[in-house]
Protein chains: 2
Amino acid sequence: MPLTCIEVPGIPLIQPGDDLAAIVAEAITRVGEHLREGDVVVVAQKVVSKAEGRIVDLRTVSPGPDARVLARESEKDPRLVELILRESNEVLRVRPGLIIVEHRHGFVCANAGIDHSNVLGDEEHVLLLPAHPDRSALELRRRWQEIFAIDNLAVIINDSHGRAWRLGTVGVAIGLAGMHPLTDRRGDPDLMGRTLQVTVIGTADELAAAASVVMGQADEGIPVVIIREARYQPGEGSLKDLLRPRAQDLFR
Amino acid sequence: MPLTCIEVPGIPLIQPGDDLAAIVAEAITRVGEHLREGDVVVVAQKVVSKAEGRIVDLRTVSPGPDARVLARESEKDPRLVELILRESNEVLRVRPGLIIVEHRHGFVCANAGIDHSNVLGDEEHVLLLPAHPDRSALELRRRWQEIFAIDNLAVIINDSHGRAWRLGTVGVAIGLAGMHPLTDRRGDPDLMGRTLQVTVIGTADELAAAASVVMGQADEGIPVVIIREARYQPGEGSLKDLLRPRAQDLFR
């Protein structure tokens, strides 16, 4: 069977406090579909964050001195910069319109992944990333396994990240459950030459990117994609497995 | 229809001089499949390079002084390092076992993408990237459009690249034809919030990653994957469209 990326249509705009697991399960059932053993469900960060109420009213944020300095350098709203700093371990680069940080979750991304695009229909609310993305993925997994009476589901929360040397964003995993995000092929026969592999594949990120093609191509929002027939290593993986240790980082 | 990644089984080990387009077309036909309008065919770099005879016998390579210095620093074979330098515009970072360069084709990658994994069953032959990957993609496209009597095919040549801050390789496009690799959503309604997008999506790289999941999950080699029902912008795109201009590069 070929690998398929099935969009889940009809998911309404998510509001803070919504039961995302139930809403998605209902949308899946409504189109006559159900989750199966081995499926990977990829969920856009935005709907997880919204359901978890990660919306901040900028009018409640008082920028500190560091945020004020950085706001001038980046030409950004000082209140937004204050939030970026609170969400980050370290600022890596600053340019007008762009602050590249190591997020508290450990990955490098622009503007701490904070979405400032008219979240509640005004310019005064922004959306932070989920507080504990692995935990969010684990809870969605638990609920969906229960609802669909299955034992082997993987869940990935994805977001779109820019890259250092390439243009265009790609989907990456920012939280996951039920899988090892890396596939270690070292020692396996080589794919094309029948020789030995030296590769560790970023499978969760590749699945996050595949889902992102489907999410990005719809005119209406498709925040959830079911990937069927993907081979991956089931298990208790974490976002942490995907993060390059600081000691191996050549580009900071 | 869901997005589907269809593997093309039964492609034999490719040899220098092989007619790759014909071999792949035959393999597609043999399983009762055919290419359709709008399909994206993703081809692993390795088989394109092999068909184009990009194999080098290290015994024919004389390392120059720069290669000898860099070989000590990287603990690599000086002859291999000589090839890495010839294939590159610039060396970015060096560590034992690793030379990160800007390839002549313009992208940043490890060891100039040269494959040293027992290419001809010995340690003395290595495989360079295709000399002109966009041109290779264009020629495959022309041939397949002719063979299958279609007008709208996209072809991506993919390779697996590491990332600066994340572990695991992901499939990326190193050559393409028949599509614009970026999807510009700026000004479009937002996917989840019905507001305005500020995103340019790296669609060709996301498709390259999706195909890589299928290529990587087979025990035998699957060097060609057909992606069906992906929406992308047809047109005369190039790898160049995916490369971040030097002036915007914050991490060199």
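The values are calculated or read from the model by the stated rules, or taken from the named source; none is laboratory data. Small disclaimer: the values here were computed from a predicted structure and weren't measured. Cβ: placed from backbone, ideal geometry, glycine included. Neighbour counts: every protein chain shown.
Details
- Selected residue (criterion: surrounded by the most Cβ atoms within 10 Å (Cβ to Cβ)) from residues of region B:223-236 that are more than 7 Å from every other protein chain (Cβ to nearest Cβ) and under 24 Å from B:Q15 (Cβ atoms): B:V225
- Selection of region A:146-161 for residues being on the phi < 0 side of the Ramachandran plot, free of Cβ contacts under 8 Å to residues at least 60 places away in the same chain and either aliphatic (A, V, I, L, M) or surrounded by 18 or more Cβ atoms within 10 Å (Cβ to Cβ) (or both) yields A:S160, A:H161.
- Filter pass, B:V155 being in contact with a helix residue (DSSP H, G or I) (Cβ under 9 Å, 6 or more places away or on another chain), at the interface with chain A (Cβ under 7 Å from one of its Cβ atoms) and modelled with pLDDT of 95 or more: no
- Residue satisfying all of: in region A:186-202; facing chain B (nearest Cβ under 7 Å) and at pLDDT below 90; nearest to B:S160 (Cα to Cα) among these: A:T199
- Any hit, region A:100-119, residues being under 15 Å from B:L250 (Cα atoms), at pLDDT below 95 and either outside the structural domain of A:I174 (by TED's automatic domain parsing) or surrounded by fewer than 22 Cβ atoms within 10 Å (Cβ to Cβ) (or both): no
- Condition check for A:D205: charged (D, E, K, R), closer than 19 Å to B:D205 by Cα, at pLDDT 95 or above and under 18 Å from the mean Cα position of the chain (by Cα): yes
- Subset of region A:70-103 [of a type in the set (K, R) and part of a loop (DSSP other than H, G, I, E, B)]: A:K76
- Some residue of region B:237-251 being facing chain A (nearest Cβ under 8 Å), in contact with a strand residue (DSSP E or B) (Cβ under 9 Å, 6 or more places away or on another chain) and of a type in the set (G, A, S): no
- Members of region B:162-175 found to be out of contact with any Phe, Trp or Tyr (no Cβ under 8 Å at 6 or more places or on another chain) and within 13 Å of another protein chain (Cβ to nearest Cβ), listed by number: B:G162, B:R163, B:L167, B:G168, B:T169, B:V170, B:G171, B:A173
- Within region B:44-76, the set of residues being buried (at least 18 other Cβ atoms within 10 Å of the Cβ), under 16 Å from B:D115 (Cβ atoms) and either within 14 Å of chain A (Cβ to nearest Cβ) or not β-branched (V, I, T) (or both) comprises B:A44, B:Q45, B:K46, B:V47, B:V48, B:S49, B:K50, B:A51, B:E52, B:R54, B:L58, B:K76.
- Of the strands (runs of 3 or more DSSP E) lying entirely inside region B:112-178, those containing at least 1 residues that are within 21 Å of B:M215 (Cα to Cα) and touching an Asp or Glu at 6+ places or on another chain (Cβ under 6 Å) are B:125-127, B:170-177.
- Once region A:124-139 is narrowed to residues that are surrounded by fewer than 20 Cβ atoms within 10 Å (Cβ to Cβ) and of a type in the set (D, E), the residue that is farthest from A:D57 (Cα to Cα) is A:E139.
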